[in-house]
Amino acid sequence: MIYLDNAATTPVVPAALEAAWPWLTAVFGNPSSTHELGLRAKTALESARSRIANWLDCPASDLVFTSGGTEGDNLAITGLALANPRGKQIVSAKTEHEAVLETLDYLERVHGFEITWLNVDHQGNIDLAELGKALRSDTTLVTLMLANNEIGTTHPLPQIIQATHAVGALVHTDAVQAAGWFDLRVGKNGSVVAGVDALTISGHKLGAPKGSGVTYIRGRLVVEPLLHGGGQEFGRRSGTENVAWAVALATAVDGLPEFSTESARVSALRDEFITQVLSSIPEAQLTGNPTERHPAIASFTFAGLNGETLLLELEQRGVIVSSGSACAAGSDDPSHVLIASGIDPDVAQTSVRFSLSHSTTAEELSTAAAALADAVSIVSGLAN
């Protein structure tokens, strides 16, 4: 099997499971308890927080452990919007993940926020000039993802942060798909996320278990919590902490390769794969920005063909891929990302996404490209 659906989820790395096991078994204490088992759990929790803070180049107290990207996006967007009301305008784009879109819908319906939607072009790019016009004195928050999980297009976050801060508003970025591939050091000048106010990470995208995650919220920013209770996580997220998953997440982060060399290496593999597909399959059209894109994502449409049949044909050939966001799996609707990018709904239904991992090889991608060409030939024959 060649697994090329890493944007949906990644396998848990063995080291993360091994690190988590003691905190699920022998050392099972509640980190809020004052006896030895509790204190040992507390020490492990704070050690994990410090290790992740070192990776993100931020104070450990700026990090909130969560259950993953959806909770993290909800906490950052709702928490900051309700607690820091310069006004009731939020700026975003309709190519965001459903966790962002649904949170903004909630804030609009229930709390009366006005959402200003930025347009994107055919490749999923926003226009910085349009962002500048959208920003106002009553803008509370701008939320734009770093790298799109379906088409891979990246947003120019440094310019977005600069423009937004110039009017006194806050910036949140969903970095779930970017973790492990981009420089996420929020305190490092020159980093793509330097100066961002909030950033969301999900563990299962980088080798930690599903249900693990962490959200960065800068310094003394006030956050309205989603969960009310005992005041854990600096009062930002109540509930007994999942020590095992925090340790697993920190261990997965510790094992990530150096992003600068790794992104360049995998980008080269991705580009060669894209070239193979486009040169051998006339029906294939690359989606997303051809250059400003996630190092490990290549997504195509195949006009006139049935996308789901293509996926089945690929699976029969041992290649596991998806049609887009796993969070929308099972829906008959075309990708909201492709629709927002101006792609015809019928064409959007044919989308197939290939997402690489740090261990994907050139040989696997060559095999996948050949399998795709074979699958397209079979499906084309059925269509005709």
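No value in this document is a laboratory result; all are computed from the given coordinates. Note that this is a predicted model, so its numbers are computed, not measured. Note that we place each Cβ from the backbone using ideal geometry, even for glycine, and neighbour counts take in every protein chain shown.
Projected label points at residue 268 and residue 46, each 7 Å from Cα along the beta carbon direction, are separated by 4.5 nanometres.
Determine the sum of side-chain charges near residue 284: Lys and Arg each +1, Asp and Glu each -1, restricted to other residues whose C-beta is under 14 angstrom from that of residue 284. Please report the intermediate quantities before stating the final value.
Numbers: positive: 353; negative: 283, 374.
My count for the surroundings of residue 284 gives -1.
Scanning residues 5 or more positions from residue 2 or on other chains, those with amide H under 5 Å from its amide H are 319, 320, with H placed 1.01 Å from N in the peptide plane. The GNM of the chain, with springs linking C-alpha atoms under 10 angstrom apart, assigns the highest mean-square fluctuation among 361, 164, 140 to 361.
Normalised by the residues of the chain, what does the relative contact order come to in percent, with Cα pairs under 8 Å and at least six apart? Relative contact order comes out at 23 percent.
A simple count of charges around residue 33, restricted to other residues whose Cβ falls under 11 Å of its Cβ and scoring Lys, Arg +1 and Asp, Glu -1, yields +1.
About the Cα centre of the range 192-302, how large is the charge dipole given +1 on each Lys and Arg Cβ and -1 on each Asp and Glu Cβ? Please answer in debye to the nearest 20.
Dipole size: approximately 280 debye.
Maximal additional length on extending the residue 28-residue 61 stretch stands at 9.5 nm, based on 0.36 nm per residue less the C-alpha distance.
Sort the range 141-182 into rounded, prolate or oblate with this rule: let a ≥ b ≥ c be the square roots of the eigenvalues of the Cα gyration tensor; rounded if a/c is under 1.5, and if a/c is not under 1.5, prolate when a/b is larger than b/c, oblate otherwise. In terms of gyration-tensor shape, prolate. Which residue, chosen from 79, 47, 339, occupies the Cα position most advanced towards the positive end of the dipole of the chain, where the dipole is computed from +1 (Lys, Arg) and -1 (Asp, Glu) charges on Cβ about the Cα centre? The one lying farthest along the dipole's positive direction is 47. Couplings for the range 218-234, taken from phi via the Karplus curve 6.51 cos²θ - 1.76 cosθ + 1.60 with θ = phi - 60°, read 4, x, 8, 4, 7, 10, 7, x, 7, 10, 10, x, x, x, 5, 6, 6 Hz in order; Gly and Pro are left as x. So what does the Cα-only Debye profile of the range 1-47 read at q = 0.15, 0.16, 0.20, 0.26 Å⁻¹, as log10 I(q)/I(0), no solvent term? These q points yield log10 I(q)/I(0) values of -0.53, -0.56, -0.69, -0.90.
Less than 5 angstrom separates the built amide H of residue 153 from those of 148, 289, 294, all sequence-distant by 5 or more or on a different chain. Extension gain for residue 117 to residue 380 (0.36 nm times residue separation, less C-alpha to C-alpha distance): 90.9 nm.
Computed from phi, the 3J(HN,Hα) profile of the range 175-180 under the Karplus parametrisation 6.51, -1.76, 1.60 (θ = phi - 60°) reads 9, 4, 7, 8, 4, x Hz, with x in place of Gly and Pro.
Could you tell me how many degrees, from 0 to 90 and to the nearest 10, lie between the Cα long axis of helix 243-254 and the main elongation axis, the longest principal axis, of the Cα atoms of the chain? So the helix axis and the longest Cα principal axis differ by about 60 degrees.
Based on Cβ point charges of +1 for Lys and Arg and -1 for Asp and Glu, what charge dipole magnitude is obtained for the chain about its Cα centre, in debye rounded to the nearest 20? Each step should come with its number before you reach the end.
Values: 23 positive and 42 negative charges, 261 e Å.
In total the dipole reaches around 1260 debye.
Axis of helix 69-83 versus longest Cα principal axis of the chain: the two differ by about 50°, to the nearest ten degrees.
3J(HN,Hα) couplings calculated from phi for the range 297-306 with the Karplus curve 6.51 cos²θ - 1.76 cosθ + 1.60 (θ = phi - 60°) are, in sequence order, 10, 9, 10, 10, 10, 9, 3, x, 10, 9 Hz; Gly and Pro show x.
Considering only the other residues whose Cβ falls under 14 Å of the Cβ of residue 271, what net charge follows from Lys and Arg at +1 and Asp and Glu at -1?
On the way: positive: 265, 270, 293; negative: 272, 292.
Taking every other residue near residue 271 into account, the sum is +1.
Normalise the Debye intensity by I(0) for the chain, one equal point scatterer per Cα, no solvent, then take log10 at q = 0.06, 0.07, 0.10, 0.11 Å⁻¹ and round to two decimals. Result of the Debye calculation: -0.23, -0.32, -0.65, -0.78. From the largest down, the range 1-83 spans 45, 44, 22 angstrom on the principal axes of its Cα atoms.
Here r is the Cβ-Cβ distance between residue 128 and residue 9 and R0 is 35 Å; the resulting FRET efficiency, rounded to 0.05, is 0.60. How big is the antiparallel share of DSSP beta bridges in the range 14-254, given as a percent to the nearest 5? Of the beta bridges lying entirely in the range 14-254, close to 45 percent run antiparallel. Amide H contacts for residue 120 (H built 1.01 Å from N in the peptide plane; partners 5 or more residues away or on another chain; cut-off under 5 Å): none found.
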